[in-house]
Amino acid sequence: LSDRLSGVFDRLTKQGALSDEDVKTALREVRVALLEADVSLPVARDFVAAVQEKATGQAVTKSITPGQQVVKIVHDELVAVLTGDSDPGKLKIDSAPAPVLMVGLQGSGKTTTTAKLAKRLKERDGKRVLMASLDVNRPAAMEQLEILGRQIGVDTLPIVKGEDPVAIAKRAKTQASLGGYDVYMLDTAGRLHIDQELIAQAAAVRDAVNPRETLLVVDGLTGQDAVNVATEFDDKIGVSGVVLTRMDGDGRGGAALSMRKVTGKPIRFVGLGEKMDAIETFEAERIAGRILGMGDIVALVEKAQQTIEAEQAEKMMKRFQKGRFNMNDLKMQLEQMLKMGGMESLMGMLPGMGKMAKQAGSAGFDDKMLTRQIALINSMTKKERANPELLQASRKKRIAKGAGLEVSELNKLLKQQRQMADVMKKMGKGGMLKQAMKGMF
Ligand code: GDP
Ligand code: MG
């Protein structure tokens, strides 16, 4: 994907502005890319439509290149869709003992994930965890969990042959209460395909223990099919989150996007290997980058933005050095001051201006004044802003009136602008301007 996209974006980069047609061309590629990453067709289609709308609305505004602009919009939208939970890694384990139910198809990674999460709860949160296998179908499934339990130092419910899953779940609940456990995790049996018996069994267990969390474990490498499984489980059992396993493979993780879009359920964790520590809290940014196949898009875009800002700053500095400091410059500075917490803090940042800031403060130089000054500048025409020396009596009256202020205030502003132009020129000669401006951009 990244090759394909960068090709399109290179072409875009060479054109001037972000047109409707640019966006469409780029998004056609994005759509193909999503499908290649195993995102389901309707989801890819919807996603592209949403981006198209946003991109066209934003067109031409930003000072970054059109290609980068589209990449950023695509990336941001991906993150927005993928983000489902403000704290996906936090399991609801109030009211001890809290039941956590693990469901999913056979081989999806339920047993492994149960143990990984148990280890996490024990080590990170200091919880006392009990695990129980309800898998009466697969031979040695219960022993598998027991072995993992011993390996990570987490207790498992003693195995009793011949019990049905609901009976085991109830025994786990009793044992967890008596044993003073904070959590008990129920690892259920899976099937190769979803069927009524499996669903009925999971529903019966759910009704027996009323789980605080029901986590659906899904193989992140399975594409399209995973979404159907998730929908079915959620409809019939009710799911509080999804764990995507095998995200250590070379799959693009498109299932994550489909899963989110179709079920609306948050992705909570990602499995990244067979080892017991190979699990992480879900992070939308990471998966978004992976789906797009472009390592660090945000960094790329930010870098572009910085480059442009630096170029602008350089140009501005050259003007200032020549003593050209007009009302547009002043307005920008005033706005910056407002943003940065007012006059005093900003002037304190400019070398040699600390004292001036104190004087300014005592002269009633405050944030309200900044707003009034900005209003005055807004009341000027474009030409007047660029050439403040044009301002004679009649223009001054008009401007002051437009801002609802006195001409005397405008005069103060003009004086300030001339002083600033002067200071800038002097600082420019001493090389201090460059230093001062570093702090401002
Ligand atoms: P279950 O049938 O759903 O309980 O699946 P298991 O937990 O028994 O896992 C099936 C296989 O997948 C085992 O060999 C696991 O080691 C492996 N597995 C589970 N999670 C991951 C993962 O995140 N990455 C990789 N590479 N393998 C995993
Ligand atoms: Mg299992």
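So here's what we get for this one:
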{"item": "Residue list for region 115-149, filter: under 32 Å from the mean Cα position of the chain (by Cα) and acidic (Asp, Glu)", "result": "Glu123, Asp125"}
{"item": "All positions within region 177-188 that are surrounded by 24 or more Cβ atoms within 10 Å (Cβ to Cβ) and either within 16 Å of ligand 2 (Cβ to nearest atom) or without any contact (Cβ under 8 Å) to a residue 60 or more places away in the chain (or both)", "result": "Met185, Leu186, Asp187, Thr188"}
{"item": "Count of residues meeting criterion [within 16 Å of ligand 1 (Cβ to nearest atom), closer than 23 Å to Ala167 by Cβ and either not assigned by TED's automatic domain parsing to the domain that holds Ala118 or not in a helix (DSSP H, G or I) (or both)] in region 218-239", "result": "1"}
{"item": "Filtered residues of region 141-157 (kept if open to solvent by less than 70 Å² (accessible area, probe 1.4 Å) and over 18 Å from Met102 (Cα atoms))", "result": "Ile152, Gly153"}
{"item": "Any hit, region 240-247, residues being out of contact with any helix residue (DSSP H, G or I) (no Cβ under 7 Å at 6 or more places or on another chain), assigned to a strand (DSSP E or B) and open to solvent by less than 10 Å² (accessible area, probe 1.4 Å)", "result": "yes"}
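Matching residues to (1) within 16 Å of ligand 2 (Cβ to nearest atom); (2) at pLDDT below 85:
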{"site": "Pro42", "(1), (2)": "no, no"}
{"site": "Arg45", "(1), (2)": "no, no"}
{"site": "Lys62", "(1), (2)": "no, yes"}
{"site": "Thr65", "(1), (2)": "no, yes"}
{"site": "Glu77", "(1), (2)": "no, no"}
{"site": "Met102", "(1), (2)": "yes, no"}
{"site": "Gln106", "(1), (2)": "yes, no"}
{"site": "Thr113", "(1), (2)": "yes, no"}
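Rundown of residues vs (1) assigned to a helix (DSSP H, G or I); (2) within 35 Å of the chain's Cα centre (by Cα); (3) at pLDDT below 95; (4) within 16 Å of ligand 2 (Cβ to nearest atom), yes/no style:
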{"site": "Gln175", "(1), (2), (3), (4)": "yes, no, no, no"}
{"site": "Gly190", "(1), (2), (3), (4)": "no, yes, yes, yes"}
{"site": "Ile194", "(1), (2), (3), (4)": "no, yes, yes, yes"}
{"site": "Ile199", "(1), (2), (3), (4)": "yes, yes, yes, no"}
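Residues are listed down the side, and each one gets a yes or a no for (1) free of Cβ contacts under 8 Å to residues at least 40 places away in the same chain; (2) more than 13 Å from ligand 1 (Cβ to nearest atom):
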{"site": "Val71", "(1), (2)": "no, yes"}
{"site": "His75", "(1), (2)": "no, yes"}
{"site": "Thr83", "(1), (2)": "no, yes"}
{"site": "Leu91", "(1), (2)": "no, yes"}
{"site": "Arg120", "(1), (2)": "no, yes"}
{"site": "Gly126", "(1), (2)": "yes, yes"}
{"site": "Val129", "(1), (2)": "no, yes"}
{"site": "Pro139", "(1), (2)": "yes, no"}
{"site": "Gln144", "(1), (2)": "yes, no"}
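The values are calculated or read from the model by the stated rules, or taken from the named source; none is laboratory data. Only a predicted model underlies this, so the values are computations on that prediction, with no experimental measurement involved. Backbone-built Cβ (ideal geometry, glycine too); neighbour counts: all protein chains shown. Only protein heavy atoms, including side chains, enter the accessible area calculation; ligands, DNA and RNA are left aside. Shrake-Rupley method; radii C 1.70, N 1.55, O 1.52, S 1.80 Å.
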